[in-house]
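What follows is one structure encoded as structure tokens, with my remarks underneath.
The values are calculated or read from the model by the stated rules, or taken from the named source; none is laboratory data. Treat the numbers as computed from the prediction; the structure is a model and nothing was measured. Here the Cβ positions follow ideal geometry from the backbone for every residue, glycine too, while neighbour counts run over all protein chains shown.
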Amino acid sequence: MKKSILVFVFAFVVSGCAAHAPGSLSPAGTKIWQADQAAATLGTVQHLAIALNMVQRCATPPSTNCAPVLSDANTRVVVTVVGSALRTLQQVPDGWKVTTSTALTQIGMQLDAAGKGQVTPYLQAAQTILNSL
Amino acid sequence: MYAALITQLFAVFLEAYRKIQADHQAATGAQITDEEMLAKFKADINKYIAEGDAWLAAHPKP
């Protein structure tokens, strides 16, 4: 419940922060601007996954077992899918909406149960951002 | 503990997104041209790809 509230607040805040395309851009330039915003959203999801992977969660002493909050396997899913989507965006910026939405869906499907619990709320928030563009 | 962790992660995510947004605002606040926008788009994409590639290089698949 607390997580849902946080994600809702996150989505609300970033949606409100979303800038409008500069008026100096042509329609073609505006599409590039939208693709750039979409790329930034994917880049943020990737950055978050890497940050979660860097944080270690340790068992209660005397145990010395520590593990990343987001496992290497799950982080690899995010980084691989985002990297692939970014390379597609490079080639086909006009398809930013389909490319980014597909990437978010793929990440959600490929994560294991633990990863789903940790990352899915942020994927939903990212989708909300994309919908606001 | 879990709530505190989520709150911390939320702050990290928000901070990262705000930084990216600030970069965008800095670039788009002026009268940016289509050519400049395209150059920024390419640079941004390369930056995100580089971050992912760096992580993959440091964490080879077992």
Residue that is surrounded by the most Cβ atoms within 10 Å (Cβ to Cβ) [pool: residues in the range A:61-83 that are among the β-branched types (Val, Ile, Thr) and touching a strand residue (DSSP E or B) at 6+ places or on another chain (Cβ under 8 Å)]: A:Thr75
Have a look at A:Ala73, A:Ala59, A:Ala67, A:Ala85 and point out the one that is out of contact with any Gly (no Cβ under 9 Å at 6 or more places or on another chain), at pLDDT 95 or above and of a type in the set (Gly, Ala, Ser). A:Ala85
Single residue of A:Gln56, A:Gln46, A:Gln110 found to be in contact with a Cys (Cβ under 7 Å, 6 or more places away or on another chain) and either more than 20 Å from A:Leu130 (Cα to Cα) or crowded, with 18+ Cβ neighbours inside 10 Å (or both): A:Gln56
Going by what's in this entry, would A:Leu104 be described as modelled with pLDDT of 95 or more and surrounded by 13 or more Cβ atoms within 10 Å (Cβ to Cβ)? yes
